[in-house]
Structures are given as C-alpha cells and as structure tokens.
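The values are calculated or read from the model by the stated rules, or taken from the named source; none is laboratory data. These figures come from a predicted structure and were not determined experimentally. No Cβ is skipped: glycine too gets one built from the backbone with ideal geometry, and neighbour counts run over all protein chains shown.
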Amino acid sequence: MKRRGIAGAIICASAILITSLTSAGATAVTPSKATFPTGPVKLVMWWWGEQEAPGAKLWLADTIKAYKVKHPNVTIQTVLQTTDGLVPAFAAAAAAKKGPDLQYFWGGIYAQQPGWDGQIAAVSDYIPAKELAHYINASTEESFQGKIWTAPWYVNPSFPVVARKDVLSKYGLSVPMTWKELLNACDVLSAKGVTTLAGGIKDGWFGGWLYSIIGAQSVTSSKDVVAAVVGKQKFTDPIHAAWWTRLQETQSHGCWNKDINSLQLYQAQQLWVSGKAAMTVVAGPDTPNFVAKVGASKVVVMPMPKWGTGAFAGKLGTTSQTIGITKWSKYPQVAADFITFSHQTAQLNNWFAKTGSMPADDRFNIAGVKDPVKKALFTSVLSGGPYLENFIPAQLDTDAVFTNAQLVLKGTRTGAQAAANMQSVMERLRMTDRNLVKNFTAWAK
C-alpha cells in the first residue's frame, strides 16, 4: 500500500570497489573480497510487509539464515514495524542519525524523499547497474538523476478489487465492470441493507488507495501528477479533479459500509470475507489469500470499474516495496550484499513459496506459476499503470488526500471542494518548501 513494502538481489559478492557509473555523476561499486569485513558485523533491519504479504516474516528468517551460512561473521537483527509507526520511527532515527542499517520503504516519494534529505545512501552506489536493471520499478519509482535510491523487494499490484459473485447474484446482479454498473449495484444493494464496497478509512491510508485506482483513469502518466505538484497543472484541472466527483458518487449512492470512517482498512476487509459485502479492495500481494478464504469459484479479481477514458482505465497500477541503506550504516557494502543475495533464484522462489506474491525481480519465472489468479496478477504488473500516490509529496497525501477522502465519504465535503482543498494544500507546500519543487521538477525529467 502506501503500505507500500523490502530487500532483494542476486550475485553474492563479498565487497566493493567504486567505479564510475553514468554521465549524471552517479557511482557504482563492484563487490570485492578485498574490502568485505572479516570481523564480526551486526546489521539492524527495520521492515514492514507481513501485513500485506503474510509469510514475509518466514521468508526473511530463511534468507538471513542462508546468508549466515555464506557469511558466518554477519548477524542481522530484524524489527517488524507497525503500519502507523513505520514512517515516524524512521524519521526519528534519521534525526538522531542512528538506528537501522537496512530500512523498508514504500515506493515512489516515500523512497525518494529520504534520498533527497540525505538520510539514505543510493543503492546504485553499492549494487552494480546490471544487477539493479532486473529490479522491477527501480528505474521508474526509485530513480533520481542517475541514481537509484532503494532496491525493490516485492511487487504490489495496486490495488485489485475482489468481487463476490455469490453475493451479487443473490440480488440478481453480475460483477460490475463499468462505473455505471457499479453505481447501479450500489443502489440495488443499499436498498436491501447490503454493503457493495467494504472499506475502512479511519487510518487514512485507504484514501491513498482510492486516489490511485480511481484517479489514474483520467491522467496520461505519472508526469501529470508531478506537473500538478510543481504548479504546471492544477489539482482542480479536470484530469486531476474528476476522481473526487466519482468518489462523491460512491458516497451518494450508498456504496460503502456506513461505518467506513470508524474502521481501519484491514478491519473493513473482513466484511467481504464474511459475506457481508459484495466487493472490497485489497493489497496485491494479499489478493490470493483473500480469494482462498472464499473460494476461487466465487470471486472475480479486477481493476476498479472503469469510468475514465485514459490509458490506465481498466488497468491495475503497479508499485514495488523497497529496502534502502541508511546513510549512517557502518557497513553499507554488507547491507548491499545482503540485498543482492536476497535476489538470488533460491530466494526469489522461496519468496513466492512463503507469501504467494511476486518478488520484484524480472528473473522470477512467472511461467512456473500455476494458480490462475496469481499468474494474472503477476502478468498485470508488467503492463500496469502508475500508482499515483507514489508521485505526490507525503504531506499532500496525509493533509489533502487522506483528509478529503474521509470527509467526502462522510458526506460533509463535495468532490469539487475536495479538489479545491487539495490544490490549496499544494500551493501552501510549494511556498513553504522550495526544495520540494526543485526535487520534484528534477524527478520528472
């Protein structure tokens, strides 16, 4: 999600020689036994992901154990973070310049900002370009002026809608594929006291999901979003504002559970599991688990019903959850080597075996995936659209997207008012943070 996701890579090497990389001035390193520490090394990893990819904890334990066999002198301590604690815990660590050596980041801006602020070292300074070229979304979400800040760990198809055919058919409905069909389903089911879409927005994050899967249907690319951030477009322009009207329509047609503002995201999803809701939105890595709880014969996995005419209407987005190396780590080359190790074939296959989700590496053999739901999700990643939430400032996300989505779904703010507020918040951010505009402008090039 913005629960967005950790570590990855192949080529087990033992140290690092700095070599020149690109004309942009970035540097890369080649592992070398000469500089890999031979004495005791302890790395600390703060991570997140078990919440959306159950089994990640087991995979991480296996990977560390396997790495320990290769490098007995290296100990890696892991600390699983909470969803709400992930970002502030790292912010505190960065302020103190101490804490983890390896840090989990959601993709896009959540991985870019720490690099801009000097809190992490670019992984491209320690992992060869030919290795990073295999990491899915590294060159789009994680790249900045010739450097790649963090290493994609696993892919998050963002974000599938799961629809229960059994619940819909009970009321004479088929799975809605268009926006008109969705609103009709909402009208029919709400009249019967049945929830069409189960959602929980108390913690805010679901607002970002909705922005991405509804808003992406009218933009031409992520560059439109960045253009609105830097002031070349406006969030009140139709391609940016129309999604707020669509969101207001879902509220006025009674699509959601009435307690959407008092439930957290994962709580609300259980309404779908129990058959009290016809549809819900889930994290890509967790989709197969939701399907298994109900039974594949009863479920359709799909993008958000289509309303727009943009290139990404009717498509899932794609993002990768990532792992970075902190600027204060005493052993960045060891941290990079572990990332590389975790992308070896054995680790990629074990990730899939433990979680059922897709590692962020194009060397993973999708052809070997037999489950049709998983295979379709993984294939969608290769042609997916942008995950919009990754391309706006984090503060715009929390202050405008989260807040306005809560108010629109509460029925106390219109779509037009929400778009105007988002534009106002962005104008304030541009005035108070000149570096933000500078960095976003450079990022868009």
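Would you call Phe352 assigned to a loop (DSSP other than H, G, I, E, B), modelled with pLDDT of 90 or more, over 30 Å from Ser218 (Cα atoms) and out of contact with any Asp or Glu (no Cβ under 6 Å at 6 or more places or on another chain)? First the steps, then the outcome.
Numbers: assigned to a loop (DSSP other than H, G, I, E, B): no; modelled with pLDDT of 90 or more: yes; over 30 Å from Ser218 (Cα atoms): yes; out of contact with any Asp or Glu (no Cβ under 6 Å at 6 or more places or on another chain): yes.
It is false that Phe352 is assigned to a loop (DSSP other than H, G, I, E, B), modelled with pLDDT of 90 or more, over 30 Å from Ser218 (Cα atoms) and out of contact with any Asp or Glu (no Cβ under 6 Å at 6 or more places or on another chain).
List, please: which pairs have Cβ atoms under 9 Å, are six or more places apart or on different chains, and start with a residue in the stretch 235-254 that is over 16 Å from Gly199 (Cα atoms) and end with one that is part of a helix (DSSP H, G or I) and among the charged types (D, E, K, R)?
Listed by first residue and then by second, the contacts come to Asp237/Asp224; Ile239/Asp224; His240/Asp224.
In the stretch 385-417, how many are assigned to a helix (DSSP H, G or I) and closer than 22 Å to Thr309 by Cα?
Initially, the stretch 385-417 is screened for residues assigned to a helix (DSSP H, G or I), giving 388-391, 394-410, 415-417.
After this cut, where a residue has to be closer than 22 Å to Thr309 by Cα as well, the list is 388-391, 415-416.
The number of residues fulfilling the criteria is 6.
Looking at (1) farther than 27 Å from Ile366 by Cα; (2) touching a strand residue (DSSP E or B) at 6+ places or on another chain (Cβ under 8 Å); (3) surrounded by fewer than 23 Cβ atoms within 10 Å (Cβ to Cβ), can you tell me which one Val188 breaks?
(2)
Are any of the residues in the stretch 205-223 in the same structural domain as Gln269 (by TED's automatic domain parsing), more than 19 Å from the chain's Cα centre (by Cα), under 14 Å from Gln251 (Cα atoms) and of a type outside the set (Gly, Ala, Ser)?
There is no residue in the stretch 205-223 that is in the same structural domain as Gln269 (by TED's automatic domain parsing), more than 19 Å from the chain's Cα centre (by Cα), under 14 Å from Gln251 (Cα atoms) and of a type outside the set (Gly, Ala, Ser).
Quick one: in the stretch 240-298, of everything that is among the basic types (Lys, Arg) and assigned to a helix (DSSP H, G or I), which residue is farthest from the chain's Cα centre (by Cα)?
Lys298
Say we look at the stretch 66-111 and pick out the residues that are in a loop (DSSP other than H, G, I, E, B) and more than 22 Å from the chain's Cα centre (by Cα); which of these is surrounded by the fewest Cβ atoms within 10 Å (Cβ to Cβ)? Spell out the reasoning first.
Filtering the stretch 66-111 for residues in a loop (DSSP other than H, G, I, E, B) gives 71-73, 81-85, 97-101, 106-108.
Pick out the ones that are also more than 22 Å from the chain's Cα centre (by Cα) and you get 71-73, 97-99.
On the way: His71: 19, Pro72: 9, Asn73: 13, Lys97: 11, Lys98: 12, Gly99: 18.
Looking at the filtered set, the residue picked out is Pro72.
Could you tell me whether any residue of the stretch 54-61 is part of a strand (DSSP E or B) and at pLDDT 95 or above?
Keep residues of the stretch 54-61 that are part of a strand (DSSP E or B), which gives none.
The answer is no; no qualifying residue exists.
Please specify each residue of the stretch 151-200 satisfying the condition of being of a type in the set (Phe, Trp, Tyr) and closer than 30 Å to Glu50 by Cα. Step through it out loud before you land on a result.
Looking only at the stretch 151-200, we keep the residues that are of a type in the set (Phe, Trp, Tyr), and these are 153-154, 159, 171, 179.
Trp153, Tyr154, Phe159, listed by residue number.
Among the residues in the stretch 416-436, are any under 23 Å from the mean Cα position of the chain (by Cα) and acidic (Asp, Glu)?
no
Test Trp48 against the criterion of being among the aromatic types (Phe, Trp, Tyr), modelled with pLDDT of 95 or more, in contact with a Gly (Cβ under 7 Å, 6 or more places away or on another chain) and under 29 Å from Pro160 (Cβ atoms), and give yes or no. Quick ask: steps written out before the conclusion?
Numbers: among the aromatic types (Phe, Trp, Tyr): yes; modelled with pLDDT of 95 or more: yes; in contact with a Gly (Cβ under 7 Å, 6 or more places away or on another chain): yes; under 29 Å from Pro160 (Cβ atoms): yes.
So Trp48 fits the description; yes.
Within the stretch 318-339, is there a residue that is at pLDDT below 95, surrounded by 19 or more Cβ atoms within 10 Å (Cβ to Cβ) and farther than 23 Å from Pro100 by Cβ?
Within the stretch 318-339, one or more residues are at pLDDT below 95, surrounded by 19 or more Cβ atoms within 10 Å (Cβ to Cβ) and farther than 23 Å from Pro100 by Cβ.
Being under 27 Å from Pro157 (Cβ atoms), of a type in the set (D, E, K, R) and in contact with a His (Cβ under 8 Å, 6 or more places away or on another chain), is that true of even one residue in the stretch 120-134? So that I can check it myself, show each step before the final result.
Of the stretch 120-134, the ones under 27 Å from Pro157 (Cβ atoms) are 120, 122-124, 127, 129-134.
Pick out the ones that are also of a type in the set (D, E, K, R) and you get 130-131.
Adding the requirement that they be in contact with a His (Cβ under 8 Å, 6 or more places away or on another chain) leaves 131.
Yes - at least one qualifying residue is present in the stretch 120-134.
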